Amino acid sequence: MTRELTTPEALDLRMTSLLLRPHPSIRPGGVAEVVQWFGAMQAQDLASGLWSLGARLPGQSVADVQAALERREALRTWPMRGTVHLVPPADARWMLELTGVRSLAGAATRRAQLGLSEADADRAVDVLGTALAGGGRLTRAQCLAALRAAGIGTDGQRGYHLLWYASVRGVTCVAPNLGTEQTFALLDEWAPESRQLERDEALALLAHRYARGHGPVTAREFAGWTGLTLTDARRGLAAADDLLSTVRVDDEPMHVDAALADTAPPPLDDMIVLPGFDEYLLGYRDRSLMLDPAHQAAVVPGNNGIFQATVVRSGRVVGVWKRTVGRTAVTVTVQPLTTLDAAARARVEQALRRYADFLGLPPRFDWLT
């Protein structure tokens, strides 16, 4: 049976799926549970990725989240769309084999632009594999130094391409930072208990996790999120059908976690602050449910893929914010996109205080209008 949803109902389900409101079937207590719920969370920008976790784990600090990553509750790699995500360690390999490798289609063209050959890339994988053997990890600078010592150029964007290539090939992964420096480790050593899935099983599992962590969603959005073909996206959702339900939003059929389909909680007038690269906006092709098209330019200036941090009220983006972290305080600059009265601004500041508490710093506020 298909259930018709109004816009507020659809937004409530979406925020609940995204664990920004209490979910009837899960109360995640740690990083591992949140990341497994989503299957993958974009974390190209580490600071944004940390707050994406913190926003869903009330009471935890950035140090708590970083400690969980050191315990290997999640790791970072390039599982899809050529973008760094947090993924469950046991699922990293099958995700790379299912969706990550699709980003290799354009690798030869990119190598030609960079003046690298396929032999250079493959030798770089071998060099990094040897340098990282033994359970240790190296900083980005140390990895690049190892490549240069082997006679492989890393200037320009060559170094980044080779580090990406080694991870997509399933040899390395991104380990937690040492201070401010990115580090790399061997995937086999960082995630020794990898799950092995048949292709159809992998499609079904990824489809279920995407729909339960972002729903209501369409097959096209699943294809866009993963980089899969629309045929494979539909195949995965069909295989996961027993765990999902269908709803209609604006007369379009969408998929949602079955545990949510029969719930109708009242809409909440909540105020939440999210990082720029949060799944709340990144997980969709059509963002009109959460973002007024008139505000698109403010959230993604220049339409260049760089998302600003957002203020979300009752599921809709009502502002953007930037933070400057100092030694003694975090200064937050807020730009409203809709009219916010004094009471609403006080609630925004209250939400931002939670972010400041996450960092362990007192906040300072600066309103642009």
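The values are calculated or read from the model by the stated rules, or taken from the named source; none is laboratory data. Keep in mind that what you see is a predicted model, and the values were worked out from it rather than measured. Every residue, glycine as well, gets a Cβ built from its backbone with ideal geometry; the counts of neighbours run over all protein chains shown. What goes into the accessible areas is simple: the full protein's heavy atoms, side chains included, and nothing from ligands, DNA or RNA. Shrake-Rupley method; radii C 1.70, N 1.55, O 1.52, S 1.80 Å.
Considering each of 260, 274, 268 in turn, give the residue that is out of contact with any Phe, Trp or Tyr (no Cβ under 8 Å at 6 or more places or on another chain) and open to solvent by less than 10 Å² (accessible area, probe 1.4 Å). Full working, then the answer.
On the way: 274 fails: out of contact with any Phe, Trp or Tyr (no Cβ under 8 Å at 6 or more places or on another chain); 268 fails: open to solvent by less than 10 Å² (accessible area, probe 1.4 Å).
Just a single option satisfies the conditions, and that option is 260.
Among the residues of the range 165-179, write down those that are open to solvent by less than 20 Å² (accessible area, probe 1.4 Å) and assigned to a loop (DSSP other than H, G, I, E, B).
Selection gives 170 alone.
If residue 109 meets every condition in (1) of a type in the set (Val, Ile, Thr); (2) loosely packed, with under 15 Cβ neighbours inside 10 Å; (3) in contact with a strand residue (DSSP E or B) (Cβ under 8 Å, 6 or more places away or on another chain) apart from one, which number is that one?
Residue 109 satisfies every listed condition except (3).
Would you mention how many residues in the range 185-220 are part of a helix (DSSP H, G or I) and open to solvent by 60 Å² or more (accessible area, probe 1.4 Å)? Show your work before the answer.
Let us first name the residues in the range 185-220 that are part of a helix (DSSP H, G or I), namely 187-190, 199-214, 219-220.
In the following step, the residues that additionally are open to solvent by 60 Å² or more (accessible area, probe 1.4 Å) were identified as 188-189, 199-201, 220.
Selection size over the range 185-220: 6.
Spot the failing condition for residue 263; the list is (1) within 20 Å of the chain's Cα centre (by Cα); (2) assigned to a loop (DSSP other than H, G, I, E, B); (3) among the hydroxyl-bearing types (Ser, Thr, Tyr), and only one is missed.
All conditions pass for residue 263, except number (1).
Filter the range 126-151 down to the residues that are of a type in the set (Ser, Thr, Tyr) and open to solvent by less than 60 Å² (accessible area, probe 1.4 Å) and list them by number. Show your work before the answer.
Going through the range 126-151, the residues of a type in the set (Ser, Thr, Tyr) turn out to be 130, 139.
Residue satisfying the conditions is 139 alone.
Looking at 186, 162, 178, 144 in this structure, which one is under 24 Å from residue 71 (Cβ atoms), touching a helix residue (DSSP H, G or I) at 6+ places or on another chain (Cβ under 6 Å) and free of Cβ contacts under 8 Å to residues at least 60 places away in the same chain? Before the answer, list the steps.
Numbers: 162 fails: under 24 Å from residue 71 (Cβ atoms); 178 fails: touching a helix residue (DSSP H, G or I) at 6+ places or on another chain (Cβ under 6 Å); 144 fails: under 24 Å from residue 71 (Cβ atoms).
So the residue among 186, 162, 178, 144 that is under 24 Å from residue 71 (Cβ atoms), touching a helix residue (DSSP H, G or I) at 6+ places or on another chain (Cβ under 6 Å) and free of Cβ contacts under 8 Å to residues at least 60 places away in the same chain is 186.
Could you list all residues from the range 345-369 that are among the aliphatic types (A, V, I, L, M) and either under 26 Å from the mean Cα position of the chain (by Cα) or surrounded by 18 or more Cβ atoms within 10 Å (Cβ to Cβ) (or both)? I'd like the intermediate steps shown before the answer.
Filtering the range 345-369 for residues among the aliphatic types (A, V, I, L, M) gives 346, 348, 351-352, 356, 359, 361, 368.
Across the range 345-369, the qualifying residues are 348, 351, 352, 356, 359, 361.
When the residues of the range 47-92 are filtered to those that are small (Gly, Ala, Ser), free of Cβ contacts under 8 Å to residues at least 40 places away in the same chain and not in a loop (DSSP other than H, G, I, E, B), which remaining residue is nearest to residue 169 (Cα to Cα)?
Pass one, the range 47-92, residues small (Gly, Ala, Ser): 47-49, 52, 54-55, 59, 61, 63, 67-68, 74, 82, 90, 92.
Right, trim to free of Cβ contacts under 8 Å to residues at least 40 places away in the same chain and you get 59, 67-68.
If we keep only those that are not in a loop (DSSP other than H, G, I, E, B) too, we end up with 67-68.
On the way: 67: 27, 68: 25 Å.
Taking the candidates together, the pick is 68.
Check off (1) surrounded by fewer than 21 Cβ atoms within 10 Å (Cβ to Cβ); (2) out of contact with any Ser or Thr (no Cβ under 7 Å at 6 or more places or on another chain) for residue 223 and give me the number that stays unchecked.
Looking at each condition in turn, residue 223 falls short on (2).
Considering each residue of the range 226-246, count those that are buried (at least 22 other Cβ atoms within 10 Å of the Cβ) and farther than 23 Å from residue 94 by Cα, and give that number.
Count: 0.
Residue 118 versus (1) at pLDDT below 95; (2) surrounded by 19 or more Cβ atoms within 10 Å (Cβ to Cβ): which is the lone unmet condition?
Residue 118 satisfies all of (1) at pLDDT below 95; (2) surrounded by 19 or more Cβ atoms within 10 Å (Cβ to Cβ) except (2).
Quick check: anything in the range 35-45 touching a helix residue (DSSP H, G or I) at 6+ places or on another chain (Cβ under 7 Å), open to solvent by 10 Å² or more (accessible area, probe 1.4 Å) and in a loop (DSSP other than H, G, I, E, B)?
No: the range 35-45 contains no residue that is touching a helix residue (DSSP H, G or I) at 6+ places or on another chain (Cβ under 7 Å), open to solvent by 10 Å² or more (accessible area, probe 1.4 Å) and in a loop (DSSP other than H, G, I, E, B).
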